[in-house]
Structure formats: C-alpha cells, structure tokens
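Engineer: Structure incoming, see below.
The values are calculated or read from the model by the stated rules, or taken from the named source; none is laboratory data. Everything quoted here is computed from the prediction, not taken from an experiment. Glycine also receives a Cβ, built like all others from the backbone with ideal geometry; neighbour counts cover every protein chain displayed.
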Amino acid sequence: MSRIGKKPIPLPQGVKVKIEGDTVSVEGPKGKLDTKLPPGIRVEQQDGHLVAIREKEEQAALHGLARALVNNAVEGVTKGWTRELEIVGIGYRAEMKGKGTVVFNLGYSHAIEYPLPSGIAVTVDPKQTKLTISGIDRQKVGQVAAEMRSLRPPDPYKNKGVRYLGERLKKKVGKTGAK
C-alpha cells in the first residue's frame, strides 16, 4: 500500500487543473506546468482536492511517485522552489552577467560561464559567495543546483568549493609526518 499515493493533494486558491489523458496541467499565480503520469495511474479532481488512483496493484510502486510529481507541480506554481548554494574558498566567487548567465571564479585559470535554462532565476548576494536558485519546476531547480555544484565539488581536505547551504562535510586528515 502506498501511503503517499493515497494522500489527497489540496488545491490552493487560484490554481486551475486540467487533466487530459496521461498529462496533468497545473496553472497558478507563478506559471504553468505540465506533468506526465506513468501508465496505469490516473488523477481525478474531487471537491477541491486531487486524488491519484492506480488501476492495478502492479502500479503500487508508481502510485506515490505520480502523486508526488503532481503535488510538486501544484506547490511550484503557488510558492515556487528554491535551492541555495554557498561558495567557500579564497578568491572563489560568482556574479551575474546579464540576466541569463552566471560567471564563476573557482580557482581555475579561467572563469566558468554557466548559461541559465528558461524558467530558472538566480540571485547572487553582495558578497558573491551565496547563490539562490529559484523556479517553478522542482526537477529543473535541483538539476541546475547540482550542475553548479559539480563545477567545483567541496574538497574533503580543505573544504573549499561549491556546496549546498547547510551541507555537512567530513573533513579528512592530510598527510602525517614521516616516522
């Protein structure tokens, strides 16, 4: 039994849902998102809530997934999603170049330009060490954050690099002296 799949999705004020076959279109104050449902799962609108229903017991694994995807779309068009990154290291920084490009200086011999996909907004704090990535599509926000982090993952010896805000790292001990 999928406990997540059984939960109804509350529809906030101002959110319109259109169900066409295996696609659920959610429109809200921040924008519009389309979510494709896995085969064998359907979504119905019942008195101000959305309910995910599976046709056979074989789709139990996808039941919770489908409900979570639709819920993420509903939350995205109402509140939006954000992910925060921090840059640690002397001389490591990021800055916006125009509206659609972030330029990173991460200790390499060159600056790295990262073009932003559509639907994603990035703000850089005045110290140029914190980035806030926001958008309505949770998957896209997480993917952009992961790609930015992969430009210079945190080093386990000096803890320098790009990391998620609040990410806990295990610091490794370096070389020990000769006996």
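Engineer: Return the total of residues in segment 130-179 being farther than 11 Å from residue 83 by Cβ and of a type in the set (A, V, I, L, M).
Structural biologist: Of the residues in that region, 6 qualify.
Engineer: Would you point out which residue out of 46, 59, 13 is without any contact (Cβ under 8 Å) to a residue 24 or more places away in the chain, of a type in the set (S, T, N, Q) and either touching a Gly at 6+ places or on another chain (Cβ under 7 Å) or over 27 Å from residue 135 (Cβ atoms) (or both)?
Structural biologist: The unique qualifying residue is 59.
Engineer: Still on this structure, I have one more. For segment 153-165, give me each residue that is within 19 Å of the chain's Cα centre (by Cα), in contact (Cβ under 8 Å) with a residue 60 or more places away in the chain and part of a loop (DSSP other than H, G, I, E, B).
Structural biologist: Across segment 153-165, the qualifying residue is only 165.
Engineer: Enumerate the strands (runs of 3 or more DSSP E) found wholly within segment 1-67, keeping only those where 3 or more residues are more than 19 Å from residue 78 (Cα to Cα).
Structural biologist: 41-46, 49-54
Engineer: Considering 141, 70, 88, which residue is in the same structural domain as residue 24 (by TED's automatic domain parsing), of a type in the set (A, V, I, L, M, F, W, C) and touching a residue at least 24 places away in the same chain (Cβ under 8 Å)?
Structural biologist: 70
Engineer: Would you be able to say whether some residue in segment 103-114 is outside any strand (DSSP E or B), over 20 Å from the mean Cα position of the chain (by Cα) and crowded, with 18+ Cβ neighbours inside 10 Å?
Structural biologist: yes
Engineer: Please verify whether residue 51 is within 21 Å of the chain's Cα centre (by Cα), at pLDDT 90 or above and surrounded by fewer than 19 Cβ atoms within 10 Å (Cβ to Cβ), treating the condition exactly as stated.
Structural biologist: In short, no.
Engineer: In addition: Read through the list (1) closer than 24 Å to residue 121 by Cβ; (2) surrounded by 13 or more Cβ atoms within 10 Å (Cβ to Cβ); (3) over 21 Å from the mean Cα position of the chain (by Cα), then give the number of the only condition that residue 35 fails.
Structural biologist: Here residue 35 meets the rest and fails (3).
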